[in-house]
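What follows is a short report on a single structure.
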Amino acid sequence: MKKITTWVLLLAVYLGYIAPVSLVAYGQGIGKTMEQRMKDTPEGLKFRLSEGVEGAETREKQQLAATDPLSESDSNSLLKRIPEIKPAVDDKTDFAKRIGTLPAPKTGNKNPVKFPSDEQRGTPKLDTTGQTLEVVRFSPEGEIPLAPDLSVTFSQPMVAVTSQEEAAKYAPVELSPQVEGRWRWLGTKTLMFDTTKRFPMATKFTARVPAGTKSANGQTLAKDVSWTFTTPPPKAESMYPNGGITRRDALIYVSFDQAISPDAVLRSITVTGGGKKLPIRLATQEEISGDSTINYYSKQAQAGRWLAFRAVNSDGLTENALPGASAINVTIAKGTPSAEGPLTSITDQSFSFQTYSALKFSNGYCGWRDNRNCSPFESWYMEFNNSIDAAKFTTEMVKIEPAIEGLKIYPSGNYVYIQGYKKGRTSYKVTIDGSISDVYGQSLGQPAVATIKVGSASQNLYAQGGYMTVLDPTSTPTFSIYSTNHGAVKVRLYDVQPADWQKVSGICSSYQLRRRQTPADTRSIGV
């Protein structure tokens, strides 16, 4: 019995050692199996679809609990228990700004220091021995077209480093005549005067830094420093009409480079025509608005810099106030005043134009005047002395013998243009009916006749596509050339390969075409 018990105990002890090892081995075996299965399983999500069943699933409807609504008085009594919501000060703002990031912490300690300090310090002592205060430079000076500002630079600091408003209180420059603007310092040595607009035109200015002016170091200016600068007197910039032909009651327009007084300037203007001086007056606003050209010019010009006027008869009427078929000269005499300053113009300024005469036919030609070899491709020009009234013009007024194909006729200005396909080595007769009229209501009265002889067209030979053209491979290979007045064309073809590209492209370049070149190959092929 004792032996059996002993063997049982030994067996239990043995199994106590062996069982954990077996369980571990079994667990490791399962882990390896699962790991192998995971490796064999493809990545991704797998799911299975099956045919659905028609009809919605029947669901049980939940029963709502029985309730009784509160009366208004009961609801108010309950809501009164809630504390009142008071709006914060910053609930309403013009702009909702996001709270900024907190600043990074600073290292070190804050030591309170009293400012300003109780300690009294005097100005530093500077050695100014041998130093003198001088004006180093200034501008503008002399005759200038425009002057937006004035500046003066000194050799030593003139003001302490402080605010602009405080420093500007010290401006040791006298300017005559006075101009609206303000003084300011650029640093401590340069003083600048900024005008509100600009320095007035037609004015001579004098600037002076008086003797005795002190610098910030205590030095003084030994003697006066003064200079002058001058803005220009009035000058006419644009005039209308200027050249060309116009009607006999035309308005005259002049604009200047500065403000003027129209009444004062009109007294300096003289208009002559037909050998006599013509009386003039300023144009009314109604007359200016009624003239599209003058109205446009007046709106483009700066306000107060222009005037419009016209000639009048002895009785004050404006009809035909300018003599017909005459050269009209307008002179703006020297001494013309400005509205900005006292200086006046120092030279005469003048321009001229022509009044219309009876409508006349001047010339008929092709290409350009005196062209003696008209090409079939050039337009024809029928020139008159006055502008043709396009509203009354019709193509039936023009007759051409022999007829021209693709004929186009239209008036423009004092010309009638004729275009179409003309035959070479042919003489054409152009007749314009005497009923043609100009913009002044005048008719020609008698027919205008011109003969134009068309010569041969210049020889021409060209092909489209440049020096490199690829023919359409899907159709019959065809290369077109165009010629004028060539009886025959000699063509030479060469058979080349892709390897010859460099040599062929060099010969065909625009630069090489100007030079004599040896063909890429001398072999010929039949076609």
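In region 304-335, the residue that is nearest to residue 249 (Cα to Cα) out of those that are part of a loop (DSSP other than H, G, I, E, B) and of a type in the set (Ser, Thr, Tyr) is 318. Residues being hydrophobic (A, V, I, L, M, F, W, C), part of a loop (DSSP other than H, G, I, E, B) and in contact (Cβ under 8 Å) with a residue 60 or more places away in the chain are entirely absent from region 479-490.
Out of curiosity, is residue 212 within 23 Å of residue 293 (Cβ to Cβ) and assigned to a loop (DSSP other than H, G, I, E, B)?
Numbers: within 23 Å of residue 293 (Cβ to Cβ): no; assigned to a loop (DSSP other than H, G, I, E, B): yes.
No.
Please indicate, with yes or no, whether at least one residue in region 368-378 is in contact with a Leu (Cβ under 9 Å, 6 or more places away or on another chain) and surrounded by 15 or more Cβ atoms within 10 Å (Cβ to Cβ).
Let us first name the residues in region 368-378 that are in contact with a Leu (Cβ under 9 Å, 6 or more places away or on another chain), namely none.
No, because not a single residue in region 368-378 is in contact with a Leu (Cβ under 9 Å, 6 or more places away or on another chain) and surrounded by 15 or more Cβ atoms within 10 Å (Cβ to Cβ).
Per the conditions (1) over 24 Å from residue 342 (Cβ atoms); (2) modelled with pLDDT under 95; (3) within 40 Å of the chain's Cα centre (by Cα), the sole criterion not satisfied by residue 152 is (2).
When each of 122, 108 is tested for being assigned to a loop (DSSP other than H, G, I, E, B) and either touching a residue at least 60 places away in the same chain (Cβ under 8 Å) or at positive phi (or both), the lone residue that passes is 108. For the condition touching a helix residue (DSSP H, G or I) at 6+ places or on another chain (Cβ under 8 Å) and either under 30 Å from residue 125 (Cβ atoms) or crowded, with 19+ Cβ neighbours inside 10 Å (or both), residue 255 qualifies.
Residues that are in a strand (DSSP E or B) and either modelled with pLDDT of 95 or more or surrounded by fewer than 18 Cβ atoms within 10 Å (Cβ to Cβ) (or both) do occur in region 336-350, at least one of them.
The values are calculated or read from the model by the stated rules, or taken from the named source; none is laboratory data. What you see is a predicted model; the values in this text were computed from it and never measured. Using ideal geometry, Cβ is built from the backbone for each residue, glycine included, and neighbour counts are taken over all protein chains shown.
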